[in-house]
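Q: Supplied in structure tokens, the structure appears directly below.
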Amino acid sequence: ILGEHLRICPQGYTCCTSEMEENFANKSRSEFEAMMKEAGRSVQAILTAQHRSFDSYFQDLLNKSEKALYDAFPSLYGELYTQNVKVFKDLYSELRRYYRSSNINLEEALNEFWTRLLERLFKLLNPQYHITDEYLDCMVKHAEQHKPFGEVPRDLKLKATRAFIAARSYAQGFLVGSDVVRKVSQVSLSQECTRAIMKLMYCPHCRGMASVRPCNNYCLNVVKGCLANQADLSTEWKYLMDSLMGVADRIDGPYNVDTVIGTIHMRIAEAISNLQENKDSITSKIFQGCGNPKISTKGSSSEDKKRRGKVTLEAKSSAQALEMLVLDAKGNLTALKTYWITLPSTLCSKKVMASSASDDKCWNGMTKGSYLPEVMGDGLANQINNPEVEVDITKPDMTIRQQIMQLKIMTNRLGNANIGNDVDFQDTSDDMSGSGSGDSCPDDVCGKRLSKSPSTRQPETHAIPKQSGHGVNGASSRSLPSASLLLLLSVAVIAPQHLWR
């Protein structure tokens, strides 16, 4: 029949009524959106699997260290352990809460552990004295000077904070990446895009050419126009992938979580042994500084004498498992780096089933033949002359701009983690914020590509999406965005539309 009634397809002779054309438009829209979600789900699955693997590995390290402590300490220390079980349990509980992004200052948590442990052990090791809370306060003030636990607290704090900051940011990075893909994959098509997709996929049916495949370059122009905003994610997405790979190298290198996390119980045992071995000297120094406490009526205990001796604990290394985890993650992250800019060609070749680039008997939007217009570039700005889709380059999609902001924030956080600094993230919808700062590491460990951030006690604070922070490797010329820049970017996300012009 004559096609004068058609609103999308060419108005030549046609097999389609107006109702059929409308049905095809709805069908093409739902199918294309399903393609987007399916492609996104495959990326989400990869990132979620990487998070799950690392999370399981890290939690297992903590669990094994805690179990080793509970198994060995009763026989090693007797009452020194049994009367202080809660102190040790609280430490591991705080470490887990920090890793899960709770609002905890890791350095303060570690300092609190050593303070509580010293207070309790000092009383147990000196049962002949009546030691008041005021006396303990005085003792704690002199603790840094006398170093009752040797260098263990300082060394463990330095290494553990770096390892935990890196591990927490690393795990969070995978969740943020997955969350960004999920949200972007749900962005609806514009009306102009729906018409272009319909014309690409189903107008050949209306011309009696159901078996003719769309021209490849024609398909690319349609999809690049429809996914122009999504392509603008590419730069920040690459930086996130690079940053994750950079932190992965730290986790399996200078901040080795297997060595640090898996031996926490051994470091605690080393600290306690140091206190036992130097008990008389340390006690004498404390008495000099705080005075002699009163003699207790309870008498002394021989428990300490029975428990003396050098501690020998072993840690089962899982370094090979960590190395395999990191290698697998880096392989997947490398493959995902170009996801957003290769998405149009992926959809055209695998989903739309476009013809080969050299085919001159393909559907070109009007009839069977060759397609002459050039292929547009990637991103919103390059669609100003797109011959197939009308794209308003002055109106970026706000959902996608917000996700670009989330990528910037997470990448900034990973960059800080890469040099041993923490950034505080707060989420009003859930308890997913953390605090604390690690010590910065020397240039020969961290490298000199990233601009140094001064270590501060008050970390920066940025919002992150629920369930979810430049480039480290491969981004040598890009410095970390400052808190001021991130604040300006946050304002830009919600700025009036004319600001984008």
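Q: Yes or no: TYR255 in contact with a Lys or Arg (Cβ under 6 Å, 6 or more places away or on another chain), crowded, with 24+ Cβ neighbours inside 10 Å and over 20 Å from LYS350 (Cβ atoms)?
A: yes
Q: Also, I was wondering about something else. List the helices (runs of 4 or more DSSP H) inside the stretch 200-265, counting only whole elements, that have at least 2 residues being touching a helix residue (DSSP H, G or I) at 6+ places or on another chain (Cβ under 6 Å).
A: 216-226, 228-231, 234-251, 257-261
Q: Which numbered condition in (1) open to solvent by 50 Å² or more (accessible area, probe 1.4 Å); (2) in a helix (DSSP H, G or I) is the only one that LEU156 fails?
A: Single failed check for LEU156: (1).
Q: Same structure, new question: Taking the stated definitions as given, is PHE24 open to solvent by less than 10 Å² (accessible area, probe 1.4 Å) and either out of contact with any strand residue (DSSP E or B) (no Cβ under 9 Å at 6 or more places or on another chain) or more than 19 Å from MET198 (Cβ to Cβ) (or both)?
A: Criteria not met by PHE24.
Q: Continuing with the same structure: Which number in (1) under 26 Å from LEU347 (Cβ atoms); (2) at pLDDT 95 or above; (3) of a type outside the set (Asp, Glu); (4) in contact with a helix residue (DSSP H, G or I) (Cβ under 8 Å, 6 or more places away or on another chain) marks the one condition that ALA25 misses?
A: (2)
Q: Out of curiosity, is LEU372 at pLDDT 90 or above, part of a loop (DSSP other than H, G, I, E, B) and either small (Gly, Ala, Ser) or surrounded by fewer than 13 Cβ atoms within 10 Å (Cβ to Cβ) (or both)?
A: When the stated conditions are applied, LEU372 passes them.
Q: What are the residue pairs meeting all of these: first residue in the stretch 102-127, first residue farther than 17 Å from VAL85 by Cβ, second residue open to solvent by 10 Å² or more (accessible area, probe 1.4 Å) and of a type in the set (Ser, Thr, Tyr), Cβ atoms under 6 Å, and 6 or more apart or on different chains?
A: ASN103/SER433; ASN105/SER435; PRO127/SER300; PRO127/SER301
Q: Could you please tell me which pairs satisfy a Cβ distance under 9 Å, a separation of 6+ or placement on different chains, a first residue in the stretch 355-383 that is under 13 Å from ASN216 (Cβ atoms), and a second residue that is open to solvent by 50 Å² or more (accessible area, probe 1.4 Å) and among the hydrophobic types (A, V, I, L, M, F, W, C)?
A: Filtered contacts from the stretch 355-383: ASN364/LEU372.
The values are calculated or read from the model by the stated rules, or taken from the named source; none is laboratory data. No experiment lies behind these values; they were computed from the predicted model shown. Every residue, glycine among them, receives a Cβ derived from its backbone with ideal geometry; neighbour counts consider all protein chains shown. Accessible surface is based on the protein model in full, side chains and every heavy atom, while ligands, DNA and RNA are left aside. Shrake-Rupley method; radii C 1.70, N 1.55, O 1.52, S 1.80 Å.
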